[in-house]
Each structure stands twice: as C-alpha cells, then as structure tokens.
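The values are calculated or read from the model by the stated rules, or taken from the named source; none is laboratory data. What you are looking at is a predicted structure, and each value in this text was computed from that prediction instead of being measured. Note: ideal-geometry Cβ built from the backbone for every residue, glycine included; neighbour counts use all protein chains shown. Heavy atoms of the whole protein, side chains included, go into the accessibility calculation; ligands, DNA and RNA do not. Shrake-Rupley method; radii C 1.70, N 1.55, O 1.52, S 1.80 Å.
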Amino acid sequence: MSKEILSTNGEKLGEITLEKSVFGVEPNIHVMHLALRRQLNNARQGSACAKTRAEVAGGGKKPWKQKGTGRARAGSLRSPLFAGGGVIFGPKPRSYSFNMPQKARQLALKSALSAREAQIVVVKDFSTIAEPKTKLMVSALKSLNVSGKVLVVADTKAEENKNLELSARNIPSVKLLLPTNLNVKDLLEADFVVMTESAVNEITERLQ
C-alpha cells in the first residue's frame, strides 16, 4: 500500500509505503468500541455528590412528640421524606475509568487507521507555512483538497512545523495532535486525516 507524499501546495513529491500491518488490517469493531468507551469514560470527572441524611446539617431535635399529635412519627427533619433532607442512594464521587491491555489498545488504533486509510493525506511537512498566519493554513488545506473536520497529525515542536500550531488554532474544524497522542476517538470523528511523513513513520514504528 502506497500513498502520494504531497507538499502543502498540493504538489506530488514522491510516494510512501504504508505498512499493511498498521494501515491495512481488518478493522475490529468490538475493540474499537471498547477503546472509544475507555477514552470517554476516563475523561469523566465523576465528581457528582449528594449528601445523605447523615451529612445534611441540622435535624438534631425531634420535630414533634412521638404520640398524640395524629401525625406520623418523625425523628428528624433531615429525613429524605422532608424538603431539605438527605438524598437516598444519591451520586457519590467515583471513578468511571477502566483499563484495556496494551495490545488491545494498539489493535484499536490500527483498526481505526485502517478504517480511515482512504481519508489519510500524507504531506512532506508544513515548512511552506513560513509565518503564523491562519490564511496560510486555510490555503494549505484547500490545496490538499480536504474539508470538514480535519485531524492534523504532526510534530509541532519540529523546526519545519514551527508555525503550524499558531496557524491552525483559530480554525474550529481543524484539530492538531502529536503522533504520540493519536487516539481512536479523533481518528473516527475526522473527515480527513492529514499526516506528515515523519508522523507516519513514527506511528508505524510504534504500532508494528
């Protein structure tokens, strides 16, 4: 499997071979689903908290005497039966996260990359963006013929991509990721995935 390597002006600069073991596997839907669930769950704060009757302030005095009033007996105004009382089985802070074996996480990434292989565009680098200007990034995306939600996978700390982050951050439909932060959710959500040649090599090396 080979892909054209383009410049950000849309010119063909050569070809790159995509490893079949990373970009050409049969997508495993179940493992991708698990990886996506894990990512969404691990991002949850789990900080919702309601007070039980033991934690609500007040309620120390018996509101009325036990017998003779005709009312139901009550020992505290902070019972869940009263307004302002505690909550029965309310939420408590908890962790929603769960783990997946490393091999399963890698398989999920390979499956997502393989599922999006047709939408992957490989560029040499972003050195043509000579200054941090949004219009240069917009022009580059237009030359590459990509639209909608665009995921850009590149090493923004590299010298040739130094203006990429500042040029892309004002475009709401563009998301930047380092190759080490590649994940199933962003791959599946994107309409197009633009990768630099070095990012493809790094991802291949990590997932092989």
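A few remarks follow.
- In the range 147-208, Cα pairs under 8 Å separated by at least six residues give a relative contact order of 47 percent.
- Accessible area (Å², per residue) of the range 1-116, counting only protein heavy atoms and a probe of 1.4 Å: 68 Å²
- Whole-percent P(r), the range 152-207, all Cα pairs, 10 Å bins from 0: 23, 58, 20, 0.
- Of Ser173, Ser79, Ser21, the one that fluctuates the most in a GNM where the chain has Cα springs shorter than 10 Å: Ser79
- Projection of the Cα convex hull of the range 44-154, averaged over all directions and equal to a quarter of that hull's surface, yields 15.1 nm².
- Solvent-accessible area, 1.4 Å probe, carbon plus sulfur percent, for the chain: 50 percent
- Gain upon complete extension [Glu160, Arg94; 0.36 nm per residue less C-alpha separation]: 19.4 nm
- Beta bridges by DSSP in the chain, antiparallel share as percent, to the nearest 5: 25 percent
- Helical contribution to [θ] at 222 nm, DSSP H n ≥ 4, -39,500 (n - 2.57), averaged over the chain, rounded to 500: -8500 deg cm²/dmol
- In the elastic network of the chain, a GNM with C-alpha springs shorter than 10 Å, the most mobile of Ala72, Ala43, Ala108 is Ala72.
- The stretch between Ser173 and Ser198 holds 6.7 nm of extra length on full extension. This uses 0.36 nm per residue minus the Cα-Cα distance.
- Other residues lying with their Cβ under 14 Å from the Cβ of Leu166 contribute a combined charge of +3, Lys and Arg counting +1, Asp and Glu -1.
- The chain: relative contact order in percent, alpha carbon pairs under 8 Å with at least 6 residues between: 25 percent
- Note on Ser127: accessible area is roughly 70 Å² with a 1.4 Å probe, heavy atoms of protein only.
- Stretched out straight at 0.36 nm per residue, the stretch from Lys12 to Lys61 would grow longer than its current Cα-Cα span by 9.4 nm.
- Entries of Lys20/Lys103; Lys20/Lys157; Lys135/Lys162; Lys142/Lys185 with Cα pairs more than 19 Å apart: Lys20/Lys157; Lys142/Lys185
- Choice from Arg73, Arg53, Arg44 with maximal GNM fluctuation in the chain (Cα, 10 Å cutoff): Arg73
- Measuring r between the beta carbons of Ala43 and Glu189 and using R0 = 22 Å, the FRET efficiency lands at 0.95.
- Two-decimal log10 I(q)/I(0) for the range 70-123, as the Debye equation yields it once each C-alpha is a single scatterer, q = 0.19, 0.23, 0.24 Å⁻¹: -0.85, -0.95, -0.98
- Placing unit charges on the Cβ atoms of the charged side chains and taking the dipole of the chain about its Cα centre, the candidate lying farthest along the positive direction among Trp64, Ala108, Ser21 is Trp64.
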